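The values are calculated or read from the model by the stated rules, or taken from the named source; none is laboratory data. All values reported here derive from a predicted model rather than from experimental measurement. Note: ideal-geometry Cβ built from the backbone for every residue, glycine included; neighbour counts use all protein chains shown.
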């Protein structure tokens, strides 16, 4: 069977996922008929989606699984709050979404269509379809000025782990773009340590004085994913069969393999549901080292699966 182009799969998923989220539960064959796609292709695409989420793929995962011919889809937390996009990201999403709307099964009044109309308005689209894009957010220049002048800034920051934004004081050392996102590496006054913040989560910024700390000797390197400063980490011991985890997902650090091929991996994770799925997939090829609060996640997830099958 010929491999479908990645762009075709992405465009189709842009119309399939919003519809599935509105439905909640749908037979696989019904969804395949609606979008003129083979059942096997649909299952492969949804299996891929279940491992996807907001970059760096740990902020929130897409909750989708297939059981006994039924597709079950939940609405991830990242879709329940306003999506913060740069102008370039919004333009790319608008272009991809409009291309997807030409595919079979697209609902002209559905969630995707409504979302695209909002993005177009936000980008300043007029009646002629003209879009004016400014690729550099104003806060990037403000942060750059703070770095050059050695200032301390107070920012109103929307952490991925908090419902409401909070005021934080930072001393920025470097502002950089990586993988389509802007970041600032700074001394976080409140925690007393170095943190990397997503610039698009900074709602406001004001200079409050001069910086008191010197920049570190090493700075983050663009070209890799950076997790939000407040995202909780988990440390895992992973066996040779689980090598794909630290090759596929962004990690803070990976130890040198021991004689048995096991390594210790530290990675960011905010969704316990995502972690549970990962641990179940790894089976006996993983051990949770810390924190202790996450050591029971796999056993609880396995018990929940067994209960579901017993009830069915």
Checklist entry - For the stretch 255-294, which residues satisfy the criterion of being buried (at least 16 other Cβ atoms within 10 Å of the Cβ) and part of a strand (DSSP E or B)? => result 263, 264, 265, 266, 267, 268, 286, 287, 288
Next on the checklist: If a residue counts only when it is modelled with pLDDT under 80 and surrounded by 19 or more Cβ atoms within 10 Å (Cβ to Cβ), which helices (runs of 4 or more DSSP H) contained entirely in the stretch 1-62 have at least 2 such residues?
Outcome noted: 6-23
Item to check | Matching residues, the stretch 173-210, being outside any strand (DSSP E or B) and either exposed (fewer than 13 other Cβ atoms within 10 Å of the Cβ) or outside the structural domain of residue 155 (by TED's automatic domain parsing) (or both) | outcome: 180, 190, 191, 192
Item to check | Test: residue in the stretch 276-284 that is farther than 30 Å from residue 163 by Cβ, modelled with pLDDT of 85 or more and more than 22 Å from the chain's Cα centre (by Cα) | outcome: yes
Checklist outcome for this item: If we keep only residues of the stretch 225-252 that are part of a helix (DSSP H, G or I) and at pLDDT below 80, then the residue farthest from residue 269 (Cα to Cα) is 247
